[in-house]
Amino acid sequence: MRHPHRPSSQHTGIRSRTGLLVLLCIAQLMVILDISAVNVALPDMAKDLDISGGDIGWTITSYSLIFGSLLLLGGRAADLLGRRRVFLAGLSVFTLSSLASALAGGAATLFAARAGQGLGAAMLSPAALSIIMAAFPQGGERAKALGAWGAVGGAGAAFGVLLGGTLTELVDWRLIFLINLPVGLVLAGSALRIVPADTARPKWRGLDLRGALLATLSLGALVLAASQADSAGWASTQTLGLGAASLVGLAAFAALELRTAQPLLAVRRLADRGVGGGSLVMLTVSGVLFGTFLLSSLYMQNVLGAGPLESGLAFLPMAAALGVGVHLGTHVITHAGVRVPLAGALAVAAVGMLLLTGVDPDGSYAADLLPGMLVAGIGLGVALVGVSISVMTGAVEEETGMLSGLNTTGHEIGGSLGIAVLATVATGSLGATAGPGASSALAGGIGDAFLVAGGLAGVASVLALAILPAASSFLPKLRVAPPVAVH
């Protein structure tokens, strides 16, 4: 029997899912922008709030510390307490903390407000990705949705540098946070209409609080060790102690989760080559991506003498290249699986890094940065969507939040580690050098750091070939799944 109304219903469903995807990507973009936009505003923040040079880094650390360490809990909470509930709660906390950041009158208030933003983001981000996973059926539609999510994660960071530079130079750094207030209110109102309501009651008793506490402390120690290593020293007691505590804590967390009936993270899922291998490669992809933004910004501002706005504009071509890479990756991966395209993309990113090693103190943006940024951007764009599809493909309904938290944790932890390592390499050659020689020494250090980033991308390319599943075993999981309705 024919049902003439079905095509119209199907198109309505597609439009509903598209609107839902746009809403969730804007929410994620708000989170991503507030990470990268703040970087270029740090000098102005320090001046206005009288924050010492050694302490201003806590504006970033207080955010990343809470965000990175609570993502697993945020993802699992979305599964058990309700995706929309956790998304709206995270959006509310993030928006209110943004207002507090804008109104901060001193260092302590700013750092506390930034930690609040991290808490909100740790709930919002994995819940949003979990909603996408539940709304889009497995196959091409979900791959495209994950591609859009990957584009936000990559290009959004580049646009954040531009936004931060523009607002800081032309208006005031506080507007970076104030702009989140109207955006957050509009998103909340739209989410109440568009995001499917949670029909099940919250399952508080199923939340693994012991595992959450252990994971939070362990990941927090790792982020803190990495973020402070450049100032404290990689061989310092603080860095080694925090690093060792983190590794011991993560091992204890894994042992606990294997014995827990409803774990925060189903550790056995890491044995899946797509989930475990994708998570491992995600660490490197994020480290190289965030490290590239940092190193390029250092070269633009500290070597070439560009201002915040000019530096922000310099990242637009890379943002476009990332978008091209995401679009290309979405198409290729749905036909060829993740292993070969991801390995190839990382090899392309490595070539881009090698092009960037030639940065010169007397060079220019067009000659020294732009070619490498374009090549690396395309490779990293393909890689971003590839690792997300690898981790999330095959997730069943009750674990989408858990794997969303795992995916975002890899993104944030990898970014923190990449920035820490590459910043140390870039500035390690400065020593006591001052005056004209400092610019030359920094340019050499940045070139060395790009070489390290290229080596990491090359190693990740080999790992992708060795670990990720073959197309013959991956594509059936990517293409076949029951449709999920969106109302």
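The values are calculated or read from the model by the stated rules, or taken from the named source; none is laboratory data. Bear in mind that the values here come from a model prediction, so they are computed numbers and not experimental data. Virtual Cβ from ideal backbone geometry, glycine too; neighbours counted across all protein chains shown.
Apart from one condition, Gln117 fits all of (1) more than 21 Å from the chain's Cα centre (by Cα); (2) buried (at least 22 other Cβ atoms within 10 Å of the Cβ); (3) closer than 27 Å to Asp55 by Cα; the exception is (1). Only a single item in (1) in a helix (DSSP H, G or I); (2) in contact with a Leu (Cβ under 6 Å, 6 or more places away or on another chain) is not met by Ala89, and it is number (2).
Just so you know, in the range 321-378 the residues that are of a type in the set (D, E, K, R), farther than 22 Å from Val391 by Cβ and touching a residue at least 12 places away in the same chain (Cβ under 8 Å) include one that is surrounded by the fewest Cβ atoms within 10 Å (Cβ to Cβ), and it is Asp360. Note on the range 174-189: residues that are of a type in the set (A, V, I, L, M) and not in a helix (DSSP H, G or I) amount to 1.
For (1) of a type in the set (Phe, Trp, Tyr); (2) under 30 Å from Pro341 (Cα atoms); (3) more than 23 Å from the chain's Cα centre (by Cα); (4) assigned to a helix (DSSP H, G or I), each residue gets a yes or a no:
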position	(1), (2), (3), (4)
Ser227	no, no, no, yes
Asp230	no, no, no, yes
Trp234	yes, no, yes, no
Val281	no, yes, no, yes
Ser286	no, yes, no, yes
Leu294	no, yes, no, yes
Ser297	no, yes, no, yes
Asn302	no, no, yes, yes
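Restricting the range 448-466 to residues that are at pLDDT below 95 and more than 22 Å from the chain's Cα centre (by Cα), the residue that is nearest to Leu370 (Cα to Cα) is Asp448. The set of residues from the range 99-117 being within 20 Å of Ser69 (Cβ to Cβ) and either of a type in the set (Gly, Ala, Ser) or free of Cβ contacts under 8 Å to residues at least 40 places away in the same chain (or both) comprises Ser101, Ala112, Ala113, Ala115, Gly116. Checking each residue in the range 312-368 for being at pLDDT 90 or above and aromatic (Phe, Trp, Tyr) picks out only Tyr365.
Exactly one residue among Ile66, Ile56 is surrounded by fewer than 23 Cβ atoms within 10 Å (Cβ to Cβ), of a type in the set (Val, Ile, Thr) and either outside the structural domain of Thr408 (by TED's automatic domain parsing) or outside any helix (DSSP H, G or I) (or both), and that residue is Ile56.
Restricting the search to the range 195-211, which residues are part of a helix (DSSP H, G or I) and surrounded by 20 or more Cβ atoms within 10 Å (Cβ to Cβ)? Gly211 - this is the single residue of the range 195-211 that is part of a helix (DSSP H, G or I) and surrounded by 20 or more Cβ atoms within 10 Å (Cβ to Cβ). Can you find even one residue in the range 139-159 that is surrounded by fewer than 18 Cβ atoms within 10 Å (Cβ to Cβ), out of contact with any Ser or Thr (no Cβ under 6 Å at 6 or more places or on another chain) and part of a loop (DSSP other than H, G, I, E, B)? Yes, the conditions are met somewhere in the range 139-159.
Restricting attention to the range 30-53, the residues being in contact with a helix residue (DSSP H, G or I) (Cβ under 9 Å, 6 or more places away or on another chain), surrounded by fewer than 19 Cβ atoms within 10 Å (Cβ to Cβ) and touching a residue at least 40 places away in the same chain (Cβ under 8 Å) number 3. The criterion of being within 23 Å of Asp448 (Cα to Cα), of a type in the set (A, V, I, L, M) and in contact (Cβ under 8 Å) with a residue 12 or more places away in the chain holds for Ala306.
Under the condition of being within 16 Å of Phe293 (Cβ to Cβ) and more than 26 Å from the chain's Cα centre (by Cα), the residues counted in the range 353-364 number 1. So Gly274 passes all but one of these: (1) over 22 Å from Val452 (Cα atoms); (2) surrounded by fewer than 23 Cβ atoms within 10 Å (Cβ to Cβ). Which condition number does it fail? Unmet condition: (2). Scanning the range 217-274 for residues that are of a type in the set (Val, Ile, Thr) and at pLDDT below 90 gives Val223, Thr260, Val267.
Being closer than 30 Å to Gly57 by Cα, assigned to a helix (DSSP H, G or I), in the same structural domain as Glu310 (by TED's automatic domain parsing) and out of contact with any strand residue (DSSP E or B) (no Cβ under 8 Å at 6 or more places or on another chain) is a description that applies to Ala441.
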